[in-house]
Amino acid sequence: MYLKKLYLHNFRLYKEVQFEFSPHVNVIYGENGTGKTSLLEAISLLGIGRSFRTHHTSHLIKHELSHFYLEAEFIKYGISQHLRICYSNTEKKVWINNTLQGSASSLCGTLLNVVLSPLDIELIGGSPQGRRHFLDVHLSQTNPLYMHHLARYTRAMKQRNQLLKNKQLLSIESWEHEMATSAAFIVQQRILLVSKLEAHASVLYGRISNREHPISFSLKSCSKKPIAADELFSFYLEQYHKNRYKEMLQATTLYGPHRDDLQLHISGEEARSFASEGEKRSLVSALRLAEWYVLRDGGGVNPLMLIDEVSATLDSNRCTQLLSEVENLSQVFLTATSLEPFKGVTKEMREILCC
């Protein structure tokens with residue numbers, strides 16, 4: 001799979017522009033504030049329906065204008081395909097191959113992509129919510145059933161929380177049954193994903209950091225150990241029943257996959273507390289590259305790899321190692337403020353775009 005053309009209208013700094021890309025490595029370079037990251041943001045938005053920089057889609061509209069429009073042409077399974085997004089303050093419309101979609105979530109799985117950004121350091125030191133979001137976005141790109149269960153669980157939990165708040169438990173069991181069914185599926189899929197990510201990242205971390213420190217990933221969940229889906233269902237149903245009155249006092253659900261966390265360790269120590277800055281950056285890079293490989297295996301095509309400010313957060317040695325790794329991928333987009341990091345490294349460079 002590769003992205004051939006991208007058209008932006010009223011998006012961030014861009015009034016109107018069209019790009020054509022190489023199917024290999026595309027380097028986008030220029031001064032800060034010239035729209036390099038916004039270009040990656042547009043590509044990612046077309047792939048997952050949301051920005052990796054902001055939760056507010058309205059912030060993507062060019063200043064003092066009313067809407068933005070994106071259009072992409074890409075090759076997937078040897079067939080030319082098209083995506084379009086039109087967003088205003090009143091509506092969002094998405095078309096896949098000229099068919100109007102019901103929601104932006106329909107984009108997930110269409111233009112597979114992975115983004116490595118300086119903001120990803122928050123995957124190490126940030127909140128559990130950010131790490132859960134990382135797992136959810138990945139799984140949603142390759143498994144529509146995961147999206148279904150995630151939405152179902154969230155909807156049922158809101159209903160349960162309202163009943164807890166109002167101290168009305170008469171119909172709560174039906175919502176708990178729905179929650180337990182989806183919770184079992186969500187947690188099982190997360191556990192499988194974490195295992196796959198660890199297998200790839202363990203090798204990649206050693207190459208990028210040039211060190212032999214072992215790394216390990218695990219899912220911190222209410223369930224203390226991996227168990228079968230039917231056992232998970234029974235476990236969560238028991239938790240919801242057992243903790244109803246305790247949770248009624250707090251008017252919220254305290255147990256379930258909405259409390260999960262991805263734990264990252266280097267040499268047996270928790271990375272967020274004990275790793276150096278360089279180790280954290282290397283680990284994040286390895287995690288995102290591992291995501292690319294797992295997404296490829298699950299999606300059946302080579303995803304796009306988007307790397308923002310490639311040399312901003314890694315020292316020169318680690319940056320060189322990272323660039324040597326991305327040469328093994330398919331279509332890659334890299335942003336930088338100069339071409340210096342790429343001299344003598346990128347063998348397959350075919351396109352240099354200046355912002």
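Here, each number is a calculation from the coordinates, and none is a lab measurement. Keep in mind it's a predicted model, so treat the numbers as computed, not measured. Neighbour counts run over all protein chains shown; Cβ positions are idealised from the backbone, glycine included.
Pick from S234, S282, S171: which is most flexible by mean-square fluctuation in a GNM of the chain where alpha carbon atoms under 10 Å apart are linked?
Maximum fluctuation in the GNM of the chain, among the listed residues, is at S171.
What number, in nm² with one decimal, is the all-direction average of the projected area of the convex hull of the alpha-carbon atoms of region 55-112?
Hull-based average projected area comes out at 4.5 nm².
Could you tell me how far the Cα centroid of region 46-107 sits from the Cα centroid of region 226-297, in Å?
Here the two parts' Cα centres lie 30 Å apart.
Lysine pairs, Cα distance under 23 Å, 8 or more residues apart or cross-chain: how many in region 119-283?
Summing the qualifying lysine pairs gives 18.
So how tilted is helix 277-299 from the main axis of the chain? Cα-based, degrees 0 to 90, rounded to 10.
For 277-299 against the chain, the angle is about 80 degrees.
Region 171-234: D in µm²/s via Stokes-Einstein (Kirkwood Rh, Cα pairs, 4 °C, 1.567 mPa s)?
Answer, rounded: 95 µm²/s.
What are the equivalent ellipsoid semi-axes of the chain, built from the alpha-carbon gyration tensor (square roots of five times its eigenvalues), in whole angstrom, biggest first?
Working through the eigenvalues yields semi-axes of 36, 26, 18 Å.
In degrees from 0 to 90, rounded to the nearest 10, what is the angle of the helix 172-209 Cα long axis to the longest principal axis of the chain?
Helix 172-209 sits roughly 40 degrees off the main axis of the chain.
For region 119-283, what are Rg and Dmax over the alpha carbons, in angstrom?
Cα radius of gyration and Dmax of region 119-283 are 17.7, 59 Å respectively.
What shape does region 95-149 have by the C-alpha gyration tensor, where a ≥ b ≥ c are the square roots of the eigenvalues, rounded means a/c under 1.5, and otherwise prolate means a/b greater than b/c and oblate the rest?
It is prolate, given that a/c is not under 1.5 and a/b is the larger ratio.
If packing is taken as the average number of other Cβ atoms within 10 Å across a peptide's residues, how do 83-96, 257-270, 297-310 rank, most packed first?
297-310, 257-270, 83-96
For a quick check: with amide H placed at 1.01 Å from N, whose amide H comes under 5 Å from N26's, ignoring anything fewer than 5 positions away on the same chain?
HN-HN under 5 Å from N26: V332, F333, L334.
For the peptides 213-223, 71-81, what is the packing order when you average, over each peptide's residues, the other Cβ atoms within 10 Å and list the highest mean first?
Highest-to-lowest ranking by the protection proxy: 213-223, 71-81.
Antiparallel as a % of all DSSP beta bridges within the chain, to the nearest 5?
If I count the DSSP bridges inside the chain, around 70 percent turn out antiparallel.
For the ranges 180-191, 145-156, what's the packing order if you count other beta-carbon atoms within 10 Å of each residue, average per peptide, and put the highest first?
The packing order, highest mean first, is 180-191, 145-156.
Taking the simple approach of a point 7 Å from Cα along Cα-to-Cβ for both N161 and L339, what is their distance in nm?
Between N161 and L339, the simple spin-label model gives 5.2 nm.
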